[in-house]
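The values are calculated or read from the model by the stated rules, or taken from the named source; none is laboratory data. None of the values given here were measured: they were computed from a predicted structure. We place every Cβ from the backbone using ideal geometry, glycine too, and count neighbours over all the protein chains shown.
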């Protein structure tokens, strides 16, 4: 049995907002050993634009860019439906029939999955839900408790092959205190210890037969200057619609006769900018039976992760998920006879488990267990 483990480090949230250059700027002995036993994308993983949490988690899960899956911000207004959507808003009407996360692809092909704290985990896609999913999101659950849950699913549920897990640290610390803060460094040190806990448990419970992917959803930078378009009178607030996007990207819709409003931005760290910026790049690391030991990948796109998961789990990809590709990453696999054509729908001995949506881990299991974790990612490079 092969187990695959994917950890995603998004912004500063449970490996959320885990910037790829953190690996070079801080000492992480367990992460360093993980990279030696597996491999890493040396120049980070490219997020989709906008470099926000919700849209990038959906891009990772579906293999689609934002213009195809329809999520463009953490919370946004859809004029065509006259509704507001976001990570904390459960509404299945936003998803069209072409959008299919990896856990739905797996479920439709007879592969059981667990999706923990990943955005949209509790949404129905074409009427389908995973076997296990988090109904309510919480920042208060410890990473090790999430790890215990993920591994228990592999042990106790027959033929469960995919677990996706998200953990939100150190996103909160990065936003509140800035990317270079002691609080962020302390959070990353804790996560390094949590990774040791995970690896020890995988060896004890699963005999090291787990493919693990650690990654993040995007990067983060320190806020140097805040522009308040309404307060500083760049924009007449009465001339735009009440629904607008703020952060690294400011977007408005013209609509007259609205009240003026002033606001401040208290955070010291942020993201959302051009995904070409090194500071917005995420991390990617992987190890396990399915991956070559010591591989180095220059970079990849986060929409490639869906195709990678389908390959490991021996799934037929969603025919509409054409933004990602295996073309530039097949050299990281440690298996013979990898095909990029049509796999069978019968689960093999490959499993991937993905746990995300709080920056923790994602697990994909295909009898070849695959755990995918999304964690915090922070970049200290200048824009």
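Exactly one condition in (1) within 16 Å of residue 101 (Cβ to Cβ); (2) free of Cβ contacts under 8 Å to residues at least 24 places away in the same chain is false for residue 145; which is it?
Failed condition: (1).
Take residue 28 and decide whether it is assigned by TED's automatic domain parsing to the domain that holds residue 121 and at pLDDT 90 or above.
Against the criterion (assigned by TED's automatic domain parsing to the domain that holds residue 121 and at pLDDT 90 or above), residue 28 does not qualify.
Residues of segment 153-186 being exposed (fewer than 14 other Cβ atoms within 10 Å of the Cβ) and out of contact with any helix residue (DSSP H, G or I) (no Cβ under 8 Å at 6 or more places or on another chain), which ones?
156, 158, 159, 182
Would you check if residue 125 is buried (at least 16 other Cβ atoms within 10 Å of the Cβ) and over 20 Å from the mean Cα position of the chain (by Cα)?
Against the criterion (buried (at least 16 other Cβ atoms within 10 Å of the Cβ) and over 20 Å from the mean Cα position of the chain (by Cα)), residue 125 does not qualify.
Taking segment 296-319 as the search range and keeping residues that are within 13 Å of residue 59 (Cβ to Cβ) and in a strand (DSSP E or B), which one is nearest to the chain's Cα centre (by Cα)?
Checked segment 296-319; the qualifying residue nearest to the chain's Cα centre (by Cα) is 301.
For every residue, the table says whether it meets (1) part of a strand (DSSP E or B); (2) at pLDDT 90 or above; (3) more than 19 Å from residue 284 (Cβ to Cβ); (4) over 18 Å from the mean Cα position of the chain (by Cα).
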site: 149; (1), (2), (3), (4): no, yes, yes, yes
site: 153; (1), (2), (3), (4): no, yes, yes, yes
site: 162; (1), (2), (3), (4): yes, no, no, no
site: 185; (1), (2), (3), (4): no, no, yes, yes
site: 188; (1), (2), (3), (4): no, no, no, no
site: 197; (1), (2), (3), (4): no, yes, yes, yes
site: 203; (1), (2), (3), (4): no, yes, yes, yes
site: 208; (1), (2), (3), (4): no, no, yes, yes
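Among the candidates 70, 63, which residue alone is farther than 13 Å from residue 120 by Cα, touching a helix residue (DSSP H, G or I) at 6+ places or on another chain (Cβ under 9 Å) and either without any contact (Cβ under 8 Å) to a residue 12 or more places away in the chain or assigned by TED's automatic domain parsing to the domain that holds residue 322 (or both)?
Testing whether each residue is farther than 13 Å from residue 120 by Cα, touching a helix residue (DSSP H, G or I) at 6+ places or on another chain (Cβ under 9 Å) and either without any contact (Cβ under 8 Å) to a residue 12 or more places away in the chain or assigned by TED's automatic domain parsing to the domain that holds residue 322 (or both) leaves just 63.
Name the residue, out of 68, 82, that is surrounded by fewer than 24 Cβ atoms within 10 Å (Cβ to Cβ) and either at pLDDT 90 or above or within 30 Å of residue 185 (Cα to Cα) (or both).
68
Listed here are the residues, each with its yes/no results for (1) in a helix (DSSP H, G or I); (2) assigned by TED's automatic domain parsing to the domain that holds residue 321; (3) out of contact with any strand residue (DSSP E or B) (no Cβ under 8 Å at 6 or more places or on another chain); (4) closer than 15 Å to residue 372 by Cβ.
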| position | (1), (2), (3), (4) |
| --- | --- |
| 77 | no, yes, no, no |
| 81 | no, yes, yes, no |
| 96 | no, yes, yes, no |
| 100 | no, yes, no, no |
| 114 | no, yes, no, yes |
| 121 | no, yes, no, yes |
